[in-house]
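Take a look at the structure below.
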Amino acid sequence: MEDHTPNKYDATGLRGPMGYMPIENYGLIGNLRTCALVAVDGSIDHMCWPEFDSPSIFCRLIDKDKGGHFMISPEPGLNPTTKQEYLPNSNVLQTRWIHEAGCVNLTDYFPRPRSASRPTPLTGKSLFESLSLKSELKRWLVRRVECIRGELNVNVELFPAFNYAQDEHITELVDGEKGDPQRGPTVLLKSRLGRMRLDCTIDGGEHDDSLRPVVKFKLEKREGFLGKGVVAKVLLHEGQTVSFVFREDEPEVALESLSQKQLDRVQQDTQSYWHHWIAKSKYKGRCREIVNRSLMVLKLLTYEPTGAIIAAPTFSLPEDFGGTRNWDYRYCWVRDSSFTIYALLRMGFTEEAEAYMTFLSDRLRYSRAPDGGLPIMFSIRGDTQLEEIELCHLDGYRGSKPVRIGNGAAFHKQLDIYGEMMDSIYLYNKYGKPVSWDQWVAVREITDYIAGIWREPDNSIWEVRGQLENFVYSKIMLWVAFDRALRLADKRSFPCPHRFEWLAIRDEIYEDIMKHGFNKDMNCLIQSYESNEVLDSAVLIAPLVFFMAPNDPRFLGTIDQILKPPEKGGLTSAGLVYRYNHLLSNDGVGGAEGAFSMCTFWLVEALTRAGAYDRQYLVKAESLFESMLSFSNHLSMYSEEIAKSGEQLGNTPQAFSHIALISAAFNLDRTTGG
């Protein structure tokens, strides 16, 4: 049952009666190792440490009472006007609170070294290795609060909850250095998994010492937490700044001392890094700011040491409020590969595409299953053991249970991944660098493998947990696998002993789909051979991967059917597209879900491609695209889904949603000349 008790710690009145911030009310910051979600009230409600898939230190996003948070905000009840935005061309986030009494800026970021924006040296080493970023990277979370007008009291709360709020911790306070007015107190946190510390620096501006900000932490025990937190109230006058640095505490290592000038340089280096990075974008279309923000999100979801890109940085945010469709997305899906490679290469980010391609190629060569197949997802380090566990002690976002970490779908049979993998290799060879002989040998081996399994049913792209079926999407992507392998062999003149066998199978798959995957009465492609009256928006992929022409009557019939509202057998409602009708499809999960952001952008791109031959579809594509842009949050970020109410649902931000946006915008511009 949902708890509607007001939250007395709500600083801005934006959390609502249940105490949870709307999913769309967050911004993302990160350092290409981990990230954090910062709410518009200044609370960090999600952060795993030290890496994306590490246990959380803060997860108030999943449990408002004991999940843990680090909040810097105005006094409760003040209810100021709130603005949140990224500093131009960066992933440095600024939250501003405006009140008659004063105005305060909170700037949040993870440092990035300026040197990391330099081009990769031609040494054969990765960017990570060649620049020694492991030593250069300051693994800090920096929070700078500055009064720019008047005066305002700011509350600071640090309540960690180590290991998904399962581990106890000890909190200690250490006074600042005597004689150094810039150094504030330090908070030391000790848990079973590690030690963290919070340091602070103080800049009193041009005011005399009597008005210098005072940071005085007090220990506080709150119900539900397995250790004490700290609180402080700080009065800031115009021109004054207090900065907080949250980092690991390493007693055996001499920690770098902090000063406001040093932190100014760190922020400048970080902004410089992001400025140089996004300047590489080749996108010059009409949605430049939105597309570039999607690229910045994609970069934040990248694990720099391996090049892996995670699906989303969060776990167990629900696909329906109070529902059970709550999954962990902090992993790298093979399914996303070709779409990611396409977006990165088309937008000019060849280094990121190469790093991601290397990660995928290594999985193809070294991570095969005993039968020769490929796991459907990996950890950021390439592991495949992603055991799914339910955390029964956590409340779940707005009471949405169970809370899951790990992902049981890792062991699913998902045959479409071979198409995405082959397409990514083909695209990389076409727009990036020529594939190597060893990569081609791996391609040959995997193509020979799928020659023996393509007729089998699977769980497909939606990772259904019900009965295995012959999903049309999977069959289309299996056709793509053979098609791209054949194209690659021809383009590079690679030896291809089984060329004619592959060609025969490719043609057989095509015939099979047209015979069993098309419902003549509905005049559309269907979800599966078994569910031949169920519509599935995944089949919108057909012209995007050149399986069939966008003006093919069979595909136009599919578009027309999907565009109908659900009550008339379609999948589109108020300009938003659902995956499928979950009441008609036995996906083995149960419960409701929202419309899918990715599917909506896929429909935009399908309409765009059809619009090259019939303008009515192009007009519809432009209208749908503009409508979809209105469903982003204030930072142009998208989660996985959108509720009927217009609220965002599911893990956020989702890479697939932003990749689909980039592709839709690029192709819409190319078709319209925008």
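Each value in this text was obtained by applying a stated rule to the coordinates, not by laboratory testing. Note that the structure is predicted; figures quoted are calculated from it, not measured. Every residue, glycine among them, receives a Cβ derived from its backbone with ideal geometry; neighbour counts consider all protein chains shown.
Over the Cα atoms, compute the radius of gyration (one decimal) and Dmax (the largest Cα-Cα distance, rounded to a whole number) for the range 288-672, in Å.
19.5, 58
Rounded, prolate or oblate, given the Cα gyration tensor of the range 432-543, with a/c below 1.5 counting as rounded?
prolate
Residues in the range 303-331, backbone N under 13 Å from the label point at Asp383 (7 Å along the Cα-to-beta-carbon vector): list them, ranges by number please.
From the range 303-331, the list is 331.
Nearest 0.05, what FRET efficiency do Glu445 and Glu100 give at R0 = 45 Å with Cβ-Cβ as r?
0.05
I need the shape label for the range 494-587. Rule: rounded when a/c is under 1.5, else prolate if a/b > b/c, else oblate, with a, b, c from the alpha carbon gyration tensor.
Here the range 494-587 falls in the prolate category.
Placing unit charges on C-beta atoms (Lys and Arg positive, Asp and Glu negative, everything else neutral), compute the dipole magnitude of the range 389-444 about its Cα centre in debye, rounded to 20.
Charge dipole of the range 389-444: 40 debye, to the nearest 20.
Rounded to two decimals, what ratio of Rg to Rh does the chain give with C-alpha atoms and a Kirkwood Rh?
Looking at the chain, the ratio lands at 0.98.
How much length would be gained if the chain were fully extended between Tyr366 and Gln262, taking 0.36 nm per residue of separation minus their Cα-Cα distance, in nm to one decimal?
33.1 nm
Could you quote the convex hull projected area for the range 70-278, Cα atoms only and averaged over all directions, in nm²?
The number I arrive at for the range 70-278 is 13.9 nm².
Where nothing but the Cβ of Lys and Arg (+1) and of Asp and Glu (-1) is charged, how large is the charge dipole of the chain around its Cα centre, in debye to the nearest 20?
With only Lys, Arg, Asp and Glu charged at Cβ, the dipole is about 1400 debye.
At 0.36 nm per residue, and after removing the present C-alpha to C-alpha distance, how many nm does the segment from Arg670 to Ile453 gain when stretched out fully?
My answer for the length gained is 74.3 nm.
Gain in length, Lys178 to Glu567, computed as 0.36 nm per residue apart minus the alpha-carbon separation, to one decimal in nm?
132.9 nm
Return an integer: the convex hull volume of the alpha-carbon atoms of the range 367-458, in Å³ per residue.
Cα-based convex hull of the range 367-458, divided per residue, equals 148 Å³.
With label points built 7 Å along Cα→Cβ from the Cα atoms of Lys284 and Arg554, find their separation and express it in nm.
A separation of 4.0 nm, rounded to one decimal place.
Filter the cross-link list Lys190/Lys218; Lys401/Lys475; Lys218/Lys299; Lys413/Lys515; Lys83/Lys228 down to pairs whose alpha-carbon distance in this structure exceeds 26 Å.
Listed pairs above 26 Å: Lys401/Lys475; Lys218/Lys299; Lys83/Lys228.
Quick check on the range 610-674: take the gyration tensor over C-alpha atoms, sort the square-rooted eigenvalues as a ≥ b ≥ c, and tell me if it's rounded (a/c under 1.5), prolate or oblate.
Verdict is prolate for the range 610-674.
Where the Cα atoms of the range 190-319 are projected onto their three principal axes, how long is each span, largest first, in whole Å?
Principal extents (largest minus smallest coordinate, Cα): 53, 42, 36 Å.
Given a Förster distance of 41 angstrom, what is the FRET efficiency for Met514 paired with His634, based on the Cβ-Cβ distance and rounded to 0.05?
My answer for the efficiency is 0.35.
Enter the angle in degrees (range 0 to 90, nearest 10) between the Cα long axis of helix 615-629 and the first principal axis of the Cα atoms of the chain, meaning the one along which they spread out most.
20 degrees
Going Cα to Cα from Lys280, which aspartates and glutamates come in below 12 Å? Please leave out same-chain ones fewer than 8 positions away.
Glu351, Glu352
How long are the three semi-axes of the equivalent ellipsoid for the range 300-450, computed from the Cα gyration tensor as the root of 5 times each eigenvalue, in whole Å, largest first?
Listed largest to smallest, the semi-axes of the range 300-450 are 30, 18, 12 Å.
Inverting the mean 1/r over all pairs of different Cα atoms, compute the Kirkwood radius of the range 9-102 and quote it in Å.
13.8 Å
Note down the nm distance, to one decimal, between modelled labels 7 Å out along Cα→Cβ at Asp209 and at Val619.
7.5 nm
What does a probe at Gln467 reach in the range 488-529, counting residues whose amide N is under 14 Å from the point 7 Å along Cα→Cβ?
The answer is 528-529.
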